[in-house]
Amino acid sequence: MKITDIKAFPISFKVPQGSGVRLGIGLAVKRDAVLIKVTTDEGIIGWGEAHHGRCPGAIAKLIDTTFKELLLGMDALNTVSVWEKIYKMQLSSHGMGYASTMALSGIDIALWDIKGKFFNTPIYRLLGGGKNKIKAYAGGIALGWQDPISLGEEALSHVSKGYKAVKLRVGDKIKNDMDRVTQVRKVLHDDVEILVDANTNYTIKDAQMAIPFYEDQQITWLEEPFPAMEFNNYRTAKTFGNLSLAAGENHFTRFEFSRLVEDNVINYAQPDVSKAGGITEVIRIANLMSGWNVSINPHTSLTGINMAASIHILASVDNAGFFEGDVTAFNPFRDDMDQVPFKLYKDGTVIPSDLPGVGISINEKFLDKYPLIDGPCYI
Ligand SMILES: [Mg+2]
């Protein structure tokens, strides 16, 4: 079965006025994604999601031109060879070239969608997984920098839906972070886990002040205190206490995850299937992490495709951690596609879809309603 066409759909929506969440990377005003449609000579079509990488138009152009030309005619079921071709022709001589790795991630997901449809089975079955229950936390663009009382109320509202863990956005002034965490810890039962995410906004000094406090508050993990490339800061921060660190949503491919584990700085790995290299590569990363007793907790991107693909992976590895349940207030790319990407059970878990492939079908008329909007996503 040969690849006969590849087409990218960069899509966007504005965050409704007054409902934007503020976090360590700014105030959310717009959301972007790049969906990818791969067509085969047997008429089977697959869909994937590439993370936008703050350059959705560039990623879409790269897919529609260079990637398409490189991959046309290749065996659609041979995901390892497609990965190798892009690695050789795009990544190997130019570093990880993040836009290329994101584009490859989306194409790889689309090819796994095709594989599932070809064998008429869900991806988790092809990966050797089962209908395993995966614990979820309330994440996405939510629980942001806000008044501690309203933050506590929002956390309780997610817990009332079944979540047994919530992720708060920190990375503000340390005093504000502490006030918010203290309030949420106060209103939640002790058995609800609290995770915190600084979105790369801490200095070493901030981390030095915050880490003993988070340890005292029994925080499960501190996520991305620093930018992904500041490896030395992660090593230094590990000496500030016993708090677990999490990172990976801005690390790409097994090669960068190798550095993370060899530095021994994280306890929770967070590859994003739409960024780190697709399903093929996140399975490799999960296996690498398994050898170091580090769990996989995929970062969730924007659309139902990424969410459903992440659950297939979590249901298929021996070191599954949390699924990041997107509790963003307004996300039509989660809610208004043909299938709901995940359902939260009362015990705070999710299970993979039993539909063939990823389990999310895409209506191109739906995509027409969300043309690419230029400009930053966070201000
Ligand atoms: Mg994060």
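Out of (1) buried (at least 19 other Cβ atoms within 10 Å of the Cβ); (2) closer than 24 Å to Gly139 by Cβ; (3) not charged (D, E, K, R), the odd one out for Pro332 is which?
The single condition Pro332 does not satisfy is (1).
Report yes if Asp179 is outside the structural domain of Val317 (by TED's automatic domain parsing) and in a helix (DSSP H, G or I), otherwise no. It would help to see each step written out before you state the result.
Values: outside the structural domain of Val317 (by TED's automatic domain parsing): no; in a helix (DSSP H, G or I): yes.
No, not satisfied.
Looking at Gly321, Gly375, Gly304 in this structure, which one is out of contact with any Gly (no Cβ under 8 Å at 6 or more places or on another chain) and not assigned by TED's automatic domain parsing to the domain that holds Thr220? So that I can check it myself, show each step before the final result.
Details: Gly321 fails: not assigned by TED's automatic domain parsing to the domain that holds Thr220; Gly304 fails: not assigned by TED's automatic domain parsing to the domain that holds Thr220.
The unique qualifying residue is Gly375.
With within 16 Å of the ligand (Cβ to nearest atom) and surrounded by fewer than 24 Cβ atoms within 10 Å (Cβ to Cβ) as the only criterion, which of Asn287, Asn293, Asn267 stands out? Quick ask: steps written out before the conclusion?
Values: Asn287 fails: within 16 Å of the ligand (Cβ to nearest atom); Asn293 fails: within 16 Å of the ligand (Cβ to nearest atom).
After applying the criteria, what remains is Asn267.
Check Ala58 against each of (1) assigned to a strand (DSSP E or B); (2) surrounded by fewer than 18 Cβ atoms within 10 Å (Cβ to Cβ) and name the one condition it does not meet.
All conditions pass for Ala58, except number (1).
Before we move on, is Tyr378 more than 27 Å from Ile285 (Cα to Cα) and surrounded by 15 or more Cβ atoms within 10 Å (Cβ to Cβ)?
Working: more than 27 Å from Ile285 (Cα to Cα): yes; surrounded by 15 or more Cβ atoms within 10 Å (Cβ to Cβ): yes.
Considered against the rule, which asks whether it is more than 27 Å from Ile285 (Cα to Cα) and surrounded by 15 or more Cβ atoms within 10 Å (Cβ to Cβ), Tyr378 comes out as yes.
Please find, within the stretch 219-252, the residue that is farthest from the ligand (Cβ to nearest atom) out of those that are more than 22 Å from Thr300 (Cα to Cα) and in contact with a strand residue (DSSP E or B) (Cβ under 8 Å, 6 or more places away or on another chain).
In the first step, residues of the stretch 219-252 are kept if they are more than 22 Å from Thr300 (Cα to Cα); the result is 230-243.
Now narrow it down to the ones that are in contact with a strand residue (DSSP E or B) (Cβ under 8 Å, 6 or more places away or on another chain): 234, 237-238, 243.
Numbers: Tyr234: 14, Ala237: 16, Lys238: 18, Leu243: 16 Å.
Once the filter is applied, the top-ranked residue is Lys238.
Is there any pair linking a residue in the stretch 263-289 that is farther than 16 Å from Asp318 by Cα and in contact (Cβ under 8 Å) with a residue 24 or more places away in the chain to one that is within 16 Å of the ligand (Cβ to nearest atom) and acidic (Asp, Glu), with Cβ under 6 Å and at least six apart or on different chains, and which?
Filtered contacts from the stretch 263-289: Asp272/Glu249.
Within the stretch 346-379, take every residue that is of a type in the set (Lys, Arg) and more than 19 Å from Gly57 (Cβ to Cβ) and give me the one that is nearest to the chain's Cα centre (by Cα).
Restricting attention to the stretch 346-379, the residues satisfying the condition of being of a type in the set (Lys, Arg) are 346, 365, 369.
Among the residues that remain, those that are also more than 19 Å from Gly57 (Cβ to Cβ) are: 346, 365.
On the way: Lys346: 23, Lys365: 26 Å.
If we take residues in the stretch 346-379 being of a type in the set (Lys, Arg) and more than 19 Å from Gly57 (Cβ to Cβ), then Lys346 is nearest to the chain's Cα centre (by Cα).
When you go through (1) of a type outside the set (Lys, Arg); (2) surrounded by fewer than 18 Cβ atoms within 10 Å (Cβ to Cβ); (3) on the phi < 0 side of the Ramachandran plot one by one for Gly162, which number turns out not to apply?
Gly162 satisfies every listed condition except (3).
Among the residues of the stretch 266-297, write down those that are farther than 26 Å from Phe240 by Cα and in a helix (DSSP H, G or I). Can you show your working first?
Of the residues in the stretch 266-297, the ones farther than 26 Å from Phe240 by Cα are 272-288.
Those that are farther than 26 Å from Phe240 by Cα and in a helix (DSSP H, G or I): Gly278, Ile279, Thr280, Glu281, Val282, Ile283, Arg284, Ile285, Ala286, Asn287, Leu288.
When you go through (1) in contact with a strand residue (DSSP E or B) (Cβ under 7 Å, 6 or more places away or on another chain); (2) within 16 Å of the ligand (Cβ to nearest atom); (3) hydroxyl-bearing (Ser, Thr, Tyr) one by one for Thr200, which number turns out not to apply?
(1)
Looking only at the stretch 132-142, decide whether some residue is more than 16 Å from the ligand (Cβ to nearest atom) and without any contact (Cβ under 8 Å) to a residue 12 or more places away in the chain. If you could, list the steps in order and put the result at the bottom.
Let us first name the residues in the stretch 132-142 that are more than 16 Å from the ligand (Cβ to nearest atom), namely 132-135.
Checking which are without any contact (Cβ under 8 Å) to a residue 12 or more places away in the chain leaves us with none.
No - not one qualifying residue is present in the stretch 132-142.
Inside the stretch 192-233, can you point out the residues that are outside any loop (DSSP other than H, G, I, E, B) and crowded, with 22+ Cβ neighbours inside 10 Å? Even if it seems obvious, please write down each step before you answer.
Filtering the stretch 192-233 down to residues outside any loop (DSSP other than H, G, I, E, B) leaves 193-197, 204-216, 222-223, 231-233.
Answer for the stretch 192-233, where residues must be outside any loop (DSSP other than H, G, I, E, B) and crowded, with 22+ Cβ neighbours inside 10 Å: Leu195, Val196, Asp197, Ala207, Ala210, Ile211, Tyr214, Leu222, Glu223.
Scanning the stretch 167-184 for residues that are out of contact with any Pro (no Cβ under 8 Å at 6 or more places or on another chain) and closer than 12 Å to Phe213 by Cα, which turns out farthest from the ligand (Cβ to nearest atom)?
Of everything passing the filter in the stretch 167-184, Lys175 is farthest from the ligand (Cβ to nearest atom).
Has the stretch 22-31 got at least one residue that is under 22 Å from Arg334 (Cβ atoms), assigned to a loop (DSSP other than H, G, I, E, B) and among the β-branched types (Val, Ile, Thr)?
Yes, because at least one residue in the stretch 22-31 is under 22 Å from Arg334 (Cβ atoms), assigned to a loop (DSSP other than H, G, I, E, B) and among the β-branched types (Val, Ile, Thr).
Among what's in the stretch 300-322 and is within 18 Å of Leu35 (Cβ to Cβ) and within 16 Å of the ligand (Cβ to nearest atom), pick the residue that is surrounded by the most Cβ atoms within 10 Å (Cβ to Cβ).
Asn306
Of the residues in the stretch 84-106, how many are touching a Leu at 6+ places or on another chain (Cβ under 7 Å) and assigned to a helix (DSSP H, G or I)?
Step one: of the stretch 84-106, the residues touching a Leu at 6+ places or on another chain (Cβ under 7 Å) are 85-86, 89, 97, 99-101, 103.
Subset that is assigned to a helix (DSSP H, G or I): 85-86, 89, 99-101, 103.
Residues flagged as touching a Leu at 6+ places or on another chain (Cβ under 7 Å) and assigned to a helix (DSSP H, G or I) within the stretch 84-106 amount to 7.
The values are calculated or read from the model by the stated rules, or taken from the named source; none is laboratory data. Since the model is a prediction, treat every value here as computed from it, not as a measurement. Cβ: placed from backbone, ideal geometry, glycine included. Neighbour counts: every protein chain shown.
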